[in-house]
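Below: one structure, written as structure tokens.
Here, each number is a calculation from the coordinates, and none is a lab measurement. Since the model is a prediction, treat every value here as computed from it, not as a measurement. When we count neighbours, we look across all protein chains shown, and the Cβ atoms used for this are built from the backbone with ideal geometry, even at glycine.
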Amino acid sequence: MQIVGRFFSDVGAFRQYVDAVQLTGWRPAFVVVHNTSAPDRATYRGWRANPQLHGGWTPENWARNLASYYSGLGWHAGPHAFVTDDGVLAFSPLDKPGVHSPSWNSRTWGIETVGEFETEPFDGGVKSNLIAVLGILHARLGLDPADYKLGVRGLHYHKEDVATTHRTCPGRHMVKAELVAAVAAHIAGQHPGDHVDIALAVHAAPTNDLSDRVLRSVPWLQQQLNVKGAIPALTVDGVIGQATRRAVMLFQQQNGLVPDGIAGPLTRAKLAA
């Protein structure tokens, strides 16, 4: 089994690793998110805090242990990366299929998130690292995590695979709509001002009756999202950050709009109604 076995404590270094991968043959269609359950976050933190109590444990040794176990299962690979509170472990090469979700192994990247998110919170370093990793991977492929069709495109959770027995993976505390919105915001933040393809419906939106304030003001947008029940309530600061994009995406999902987290004229018209 070929593995990468490199641990990145900085997501910037992981980005450089991803950007260097040559995808000249096989290319994934979408990304599948998992959680490990074992180890959970508490156990992993214990390993990192006291490696001397665990045979000098390191993430690199962990990768070798996993490769040994997966080989014993007869697998040719495993997931492509493990996201932790303090970094990212690159496991299976990104230019080859992994083994992680039975229906989709041949055409996806699989990303494991260290934790048991049925009981543990999805927050802190593991959350911010997962958002960054997913943003980096989707941007590398030019994929939209919000453009979803089951088994075809968009960000997937492992439990959505009808062939898996892991019916709760990656756990109830990892709310998909919130994660997708955060990943979309991360991509937008990393690639500001680039050319985008704008849907025809946006070009042709009937906005003659809407004021420039309604169409352009960020404080107005945040105020209206709060009026419509944004949870948690947004700080009206005039900044399009992750919280605002998440609130926009949730509003779009609730109102039959494309959930891309972008407050264009169609979304603002709904907010003004």
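Assuming 0.890 mPa s and 25 °C, estimate D for the chain with Stokes-Einstein, Rh taken as the Kirkwood radius over Cα pairs, in µm²/s.
123
When Lys and Arg each count +1 and Asp and Glu each count -1, what net charge do the other residues less than 14 Å away from Gly55, Cβ to Cβ, add up to?
Result for the neighbourhood of Gly55: +1.
With the dipole of segment 30-178 worked out from charges on the C-beta (+1 for Lys and Arg, -1 for Asp and Glu) around the Cα centre, which of Val152, Ser37, Ile131 lies farthest toward the positive end?
Value computed over the given set: Val152.
Relative to 2.2 N^0.38 Å, what does the C-alpha radius of gyration of segment 200-272 come to as a ratio? Two decimals please. Before the final figure, lay out each step's value.
Details: Rg = 11.4 Å, N = 73, 2.2 N^0.38 = 11.2 Å.
Cα-based Rg divided by the globular estimate yields 1.01.
Around Tyr44, under 11 Å between beta carbons, what's the net of Lys plus Arg minus Asp minus Glu among the other residues?
In short, -2.
Where the only charges are on Cβ atoms (+1 Lys, Arg; -1 Asp, Glu), what is the dipole of segment 200-272 about its Cα centre, to the nearest 20 debye?
For segment 200-272, the charge dipole is close to 100 debye.
Leaving out same-chain residues fewer than 8 places away, which aspartates and glutamates sit with a Cα under 19 Å from that of Lys149?
Here the aspartates and glutamates satisfying the reach criterion relative to Lys149 are Glu160, Asp161, Glu178, Asp260.
What share of the DSSP beta bridges in the chain is antiparallel, in percent to the nearest 5?
About 40 percent, rounded to the nearest 5.
What is the local net charge at Ala247, summed over the other residues whose Cβ is closer than 14 Å to its Cβ (Lys, Arg +1; Asp, Glu -1)?
+2
Which residue, chosen from Gly229, Ala20, Thr58, occupies the Cα position most advanced towards the positive end of the dipole of the chain, where the dipole is computed from +1 (Lys, Arg) and -1 (Asp, Glu) charges on Cβ about the Cα centre?
Of the candidates, Gly229 comes out farthest on the positive side.
Using unit Cβ charges (K, R positive; D, E negative) and no other charged atoms, how large, in debye to the nearest 20, is the dipole of the chain about its Cα centre?
Approximately 240 debye in magnitude.
Can you sort Ile3, Ile136 so the residue with the fewest Cβ neighbours within 10 Å comes first?
On the way: Ile3 18, Ile136 22.
Fewest to most other Cβ atoms nearby, the residues stand as Ile3, Ile136.
At 4 °C and 1.567 mPa s, grab the translational diffusion coefficient of segment 27-135 from Stokes-Einstein with a Kirkwood Rh over Cα pairs, rounded to a whole number in µm² per second. Spell out each step's value before the answer.
Numbers: Rh = 14.4 Å.
Value of D from the Cα-based Kirkwood radius: 90 µm²/s.
At a threshold of 8 angstrom on Cα-Cα distance, excluding pairs fewer than six apart, so keeping six or more, what relative contact order does the chain reach in percent? If you can, show how the numbers build up before the last one.
Values: 454 pairs, mean separation 51.2, N = 273.
Value for the chain: 19 percent.
If R0 is 45 Å, what FRET efficiency do you get for Glu118 and Val239 from their C-beta distance, rounded to 0.05?
So, using R0 = 45 Å, E works out to roughly 0.85.
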